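I have placed the structure first, in the form of structure tokens, so that the comments after it can refer back to it.
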Amino acid sequence: EGTGLFLLYNLISEQSGENIMIKQITDKEVLAEFFLKSPYVHLYKFMYMEPYMFPNTVWHASYDGGEIKAIALTYKGKEQSAFYLLEDKNKNNAAEILDEIIGTLPDKLYSHVTPGLEAPFEKRYKVTSKKFQHTMGINGDMLVNNCIKYPQYTYKVNERDFETLYEYIQGINPGLFFGREMMKTGKYYMIRKNSDIISTAGVHFLNDKYKIAAIGNVATAPEYRGKGYASSIVASLVRDLWDDFEYIGLNVKAGNEAALKAYTKIGFVSATTHNEIIMEK
């Protein structure tokens, strides 16, 4: 499995007449080489390459003329399965992958799909939730320091604080993706005054090899919103990450103007969009 051997299918594209091949890939280096061409489009796929998640993944690529044009990820977890099909440039190739493998996908899926590629799911799945999301990336740090407004109340926390942060975050955003493994990164912060947690921020994952960081679990208590706490804590986190990570990104729901404003203030810009869809057969 670790040798990078391919399970090969041949598909003939009726539209172009070209030979399109769908290959199942197990080689992380092949995957990473493709993802780094558009790192923010494929930001969260790097998370599934982590050692504790990769064994439960299946990756399919569309080759055209010997070159990878699109990659789909299927993650089969104990509690939740996921599917990622994100491709801004070669949507026809991405669609070919989905047509080939849709019958093999799990009955329940949490998915990230590039807009325009969802149609095949409509015949097989019932959509229970659909959110339009921006993936944002930061390219410069000129604005970061000016956004750190509350350094005296900002504390770095560790894995021993997991239960406290989990209860706080779930109380604000129930169902938010947050696990103990994330706190092992050592990149979690809280703003706290006296005994009150005001805001939190951390990372969903770090990839030291490819210099990728995905910020997540940003939560601010409703009574403290609009006062710059979220931008301050995220800016503190970005400052911590800046020297070691080339790509720092995050996802934010379209229409969440407060969050978009806070991240833009720090220097984040929208790099790509996708639909977050939860569905079941």
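From Thr135, Thr128, Thr114, which residue is at pLDDT below 95 and under 23 Å from the mean Cα position of the chain (by Cα)? Outline the logic, then answer.
On the way: Thr135 fails: at pLDDT below 95; Thr114 fails: at pLDDT below 95.
Result: Thr128 is the single residue among Thr135, Thr128, Thr114 that is at pLDDT below 95 and under 23 Å from the mean Cα position of the chain (by Cα).
Quick check: anything in segment 197-210 in a strand (DSSP E or B), under 19 Å from Glu181 (Cβ atoms) and over 17 Å from the mean Cα position of the chain (by Cα)? Lay out the reasoning, then the answer.
Taking segment 197-210 as the starting set, the residues that turn out to be in a strand (DSSP E or B) are 197-207.
Those left that are additionally under 19 Å from Glu181 (Cβ atoms): 200-207.
After this cut, where a residue has to be over 17 Å from the mean Cα position of the chain (by Cα) as well, the list is 200.
Yes - at least one qualifying residue is present in segment 197-210.
Can you pull out every residue in segment 152-178 that is surrounded by 13 or more Cβ atoms within 10 Å (Cβ to Cβ) and in a helix (DSSP H, G or I)?
Tyr153, Glu159, Asp161, Phe162, Thr164, Leu165, Tyr166, Tyr168, Ile169, Gln170, Ile172
Looking only at segment 191-211, decide whether some residue is charged (D, E, K, R), touching a helix residue (DSSP H, G or I) at 6+ places or on another chain (Cβ under 7 Å) and in contact (Cβ under 8 Å) with a residue 40 or more places away in the chain.
First, the residues of segment 191-211 that are charged (D, E, K, R): 192-193, 196, 208-209, 211.
With the extra rule that they be touching a helix residue (DSSP H, G or I) at 6+ places or on another chain (Cβ under 7 Å), the set shrinks to 192-193.
Filter again for in contact (Cβ under 8 Å) with a residue 40 or more places away in the chain, leaving 193.
There is at least one residue in segment 191-211 that is charged (D, E, K, R), touching a helix residue (DSSP H, G or I) at 6+ places or on another chain (Cβ under 7 Å) and in contact (Cβ under 8 Å) with a residue 40 or more places away in the chain.
Of everything in segment 162-181, what is closer than 20 Å to Gln80 by Cβ and not hydroxyl-bearing (Ser, Thr, Tyr)? Give them in sequence order. So that I can check it myself, show each step before the final result.
From segment 162-181, those closer than 20 Å to Gln80 by Cβ are 162, 166, 169-170, 173-181; that's our starting set.
Correct list: Phe162, Ile169, Gln170, Asn173, Pro174, Gly175, Leu176, Phe177, Phe178, Gly179, Arg180, Glu181.
Just wondering, is there one or more residues in segment 96-109 that are surrounded by fewer than 21 Cβ atoms within 10 Å (Cβ to Cβ), small (Gly, Ala, Ser) and either touching a Leu at 6+ places or on another chain (Cβ under 8 Å) or not in a helix (DSSP H, G or I) (or both)?
no
So that you can scan it fast, the table gives a plain yes or no per residue for (1) within 30 Å of Arg239 (Cβ to Cβ); (2) of a type in the set (Ser, Thr, Tyr):
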| residue | (1), (2) |
| --- | --- |
| Tyr84 | yes, yes |
| Ile97 | no, no |
| Ile101 | no, no |
| Tyr125 | no, yes |
| Ser129 | no, yes |
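Does segment 24-55 hold any residues that are within 17 Å of the chain's Cα centre (by Cα), open to solvent by 50 Å² or more (accessible area, probe 1.4 Å) and of a type outside the set (D, E, K, R), and which are they? Spell out how you get there, then give the answer.
Restricting attention to segment 24-55, the residues satisfying the condition of being within 17 Å of the chain's Cα centre (by Cα) are 31-32, 34-54.
Those still in the list that are open to solvent by 50 Å² or more (accessible area, probe 1.4 Å) too: 36-37, 51-52.
Residues satisfying the conditions are Leu36, Pro51, Tyr52.
Which residue out of Ala271, Ala254, Ala214 is in contact with a strand residue (DSSP E or B) (Cβ under 6 Å, 6 or more places away or on another chain), open to solvent by less than 20 Å² (accessible area, probe 1.4 Å) and closer than 23 Å to Val113 by Cβ? Give the derivation first.
On the way: Ala271 fails: open to solvent by less than 20 Å² (accessible area, probe 1.4 Å); Ala254 fails: open to solvent by less than 20 Å² (accessible area, probe 1.4 Å).
Result: Ala214 is the single residue among Ala271, Ala254, Ala214 that is in contact with a strand residue (DSSP E or B) (Cβ under 6 Å, 6 or more places away or on another chain), open to solvent by less than 20 Å² (accessible area, probe 1.4 Å) and closer than 23 Å to Val113 by Cβ.
Exactly one condition in (1) modelled with pLDDT under 95; (2) open to solvent by 30 Å² or more (accessible area, probe 1.4 Å); (3) not acidic (Asp, Glu) is false for Arg239; which is it?
The number of the failed condition is (1).
The values are calculated or read from the model by the stated rules, or taken from the named source; none is laboratory data. Just so you know, these numbers come straight off a predicted model, no measurement behind them. Counting neighbours? That spans all protein chains shown, and the Cβs are built from the backbone with ideal geometry, glycine included. When the accessible area is computed, the model is the full protein with side chains, heavy atoms only, and any ligands, DNA or RNA have been set aside. Shrake-Rupley method; radii C 1.70, N 1.55, O 1.52, S 1.80 Å.
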